1. Residues that are of a type in the set (A, V, I, L, M): which strands (runs of 3 or more DSSP E) entirely in the stretch C:1-103 hold 2 or more of them?
2. Within the bounds of the stretch B:21-33, is there any residue that is of a type in the set (S, T, N, Q), open to solvent by 60 Å² or more (accessible area, probe 1.4 Å), within 14 Å of another protein chain (Cβ to nearest Cβ) and over 21 Å from C:TYR20 (Cα atoms)?
3. Can you name the residue in the stretch A:91-102 that is facing chain B (nearest Cβ under 7 Å) and assigned to a helix (DSSP H, G or I) and is also least open to solvent (accessible area, probe 1.4 Å) among such residues?
4. Determine, yes or no, whether C:GLN54 is within 24 Å of C:GLN88 (Cβ to Cβ) and surrounded by fewer than 22 Cβ atoms within 10 Å (Cβ to Cβ).
5. Where the second residue is open to solvent by 70 Å² or more (accessible area, probe 1.4 Å) and in a helix (DSSP H, G or I) and the first is aliphatic (A, V, I, L, M) and lies in the stretch C:1-22, which pairs have Cβ atoms under 7 Å and are six or more apart or on separate chains?
6. Tally the residues that are without any contact (Cβ under 8 Å) to a residue 12 or more places away in the chain and among the charged types (D, E, K, R), restricting the search to the stretch A:80-93.
7. Where the second residue is open to solvent by less than 70 Å² (accessible area, probe 1.4 Å) and hydroxyl-bearing (Ser, Thr, Tyr) and the first is closer than 19 Å to A:LEU17 by Cβ and lies in the stretch A:57-79, which pairs have Cβ atoms under 7 Å and are six or more apart or on separate chains?
8. In the stretch B:1-10, which residue that is more than 8 Å from chain A (Cβ to nearest Cβ) and in contact (Cβ under 8 Å) with a residue 60 or more places away in the chain is farthest from the chain's Cα centre (by Cα)?
Amino acid sequence: MATLHTVNKSPFERNALDTCLRLAKQGSGILFLEDGVYGALKGTAASEKVAKAAGEHKVYVLGPDLAARGMQEDQILDGIQVVDYAGFVDLAAEHDRVNAWL
Amino acid sequence: MKFGILVNEGPYTHEASDSALQFTRAALAKGHEVTRVFFYHDGVNNGTRLGVPPQDDRNITREWSSLAKEHELDLVVCIAAAQRRGLLDADEAKRHGKDADNIAEGFRISGLGQLIEVAIQADRLMVFGD
Amino acid sequence: MSITKRLMYVNRRAPYGTIYALESLEVVLIGAAFEQDVSLAFVDDGVYQLVKGQNTTGIGVKNFSPAYAALGDYDVKKIYIEKESLDQRGLSMDDLQHLTWEDENEDYAEKESMHLVSREELADLLEEQDVVFSF
């Protein structure tokens, strides 16, 4: 009965990621999209907590939003999987519900 | 699988409507059903036909309209949110004594009940917003 | 409609700064007619929606906070407040409106609608839903 959580905000601007991580049950899926993709990067002030989250949940990042922002896949934290929109649809279908942390 | 899509933001200011479009296209391409796309809050502004974006940019409203035509999508603009923001169809314009309507092809104006209904009927509700 | 689903509205926005709180409440009130298993969660700045003593005369915007008191009449009687969000903002339940509902099966006895929940309890509740609305 796992939930797919989506986070579309930069962790440096809003608390959507923090709230998501506070309320996501272990083993949830978490997808970063739009400005949320900045949360998936190595070497930022948010990297440590996101790396920890990647150990407790399945974390994904939307490739088209990453590419649009000039970010390369080698900048992504280990344990985070890049998906395209087809992959996003699959994730939404595979989980029991989708919870958007706007 | 049946998807309901909720769009909470207007075009261009936020990426929400673009994301919703891409998701809807991808879901349809995989053979899923998109039962309804519901536009709420400033999302109702996706439904104006009077937008004239620069020629080298996408026309989000037109993209929704053509996707709706191609796949017989039900694009519903919330009536209460639309009235607040000046998005009218011919009937609404007449009813409120306005001199013009502005709803784009393929969109229709209806009540919030349409959102609750699709949330109940669809297998997943996808929310795109700010 | 015969299907009953568990619908939770997650409120994370403060009132007045943006329209989300008001228009979310409008969805809840319209949605009540569908007789689903409805609950509301107030998280993050959403807890500010329920703060007592709102007075909007100086900003020229309608004060919609009295409308929350009507939720019980609409059979919306599961209202969850996340404790961590209150704590972060230096608030307690005493700072919030007290929302109740009347139980017609017990001679209209007034019953509690407000439930203070921990992050773990709220996480469990979220996991029990069929649909989570966020605006």
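The values are calculated or read from the model by the stated rules, or taken from the named source; none is laboratory data. As the structure is a prediction and not an experimental result, all values here were calculated from the model. Reconstructed Cβ throughout: ideal geometry from the backbone, glycine too, with neighbour counts over all protein chains shown. Side chains are part of the model used for accessible areas, which takes the heavy atoms of the whole protein and leaves out ligands, DNA and RNA. Shrake-Rupley method; radii C 1.70, N 1.55, O 1.52, S 1.80 Å.
1. On the way: elements: C:6-11, C:37-42, C:79-82, C:100-103.
In the stretch C:1-103, C:6-11, C:37-42, C:79-82 are the strands (runs of 3 or more DSSP E) which contain 2 or more residues that are of a type in the set (A, V, I, L, M).
2. Applying the first criterion (of a type in the set (S, T, N, Q)) to the stretch B:21-33 yields B:22, B:24.
Restricting the remaining residues to those that are open to solvent by 60 Å² or more (accessible area, probe 1.4 Å) gives B:22.
Still in the running and within 14 Å of another protein chain (Cβ to nearest Cβ): B:22.
Adding the requirement that they be over 21 Å from C:TYR20 (Cα atoms) leaves B:22.
Within the stretch B:21-33, one or more residues are of a type in the set (S, T, N, Q), open to solvent by 60 Å² or more (accessible area, probe 1.4 Å), within 14 Å of another protein chain (Cβ to nearest Cβ) and over 21 Å from C:TYR20 (Cα atoms).
3. Only one residue fits best here, namely A:ALA92.
4. Working: within 24 Å of C:GLN88 (Cβ to Cβ): yes; surrounded by fewer than 22 Cβ atoms within 10 Å (Cβ to Cβ): yes.
Spelling it out, C:GLN54 is indeed within 24 Å of C:GLN88 (Cβ to Cβ) and surrounded by fewer than 22 Cβ atoms within 10 Å (Cβ to Cβ).
5. As it stands, the answer is C:ALA14/C:TYR48, since those pairs meet every condition given.
6. Pass one, the stretch A:80-93, residues without any contact (Cβ under 8 Å) to a residue 12 or more places away in the chain: A:86, A:89-90, A:93.
Retained after the next criterion (residues that are among the charged types (D, E, K, R)): A:90.
Number satisfying all stated conditions: 1.
7. Final answer for the pair search is A:HIS57/A:SER28; A:LEU77/A:SER47.
8. Residues of the stretch B:1-10 that are more than 8 Å from chain A (Cβ to nearest Cβ), as a first pass: B:2, B:4-7, B:9-10.
Going one step further and asking which of them are in contact (Cβ under 8 Å) with a residue 60 or more places away in the chain, we end up with B:2, B:4-7, B:9.
Values: B:LYS2: 17, B:GLY4: 12, B:ILE5: 9, B:LEU6: 8, B:VAL7: 7, B:GLU9: 10 Å.
Step by step, filter the stretch B:1-10, then rank; the result is B:LYS2.
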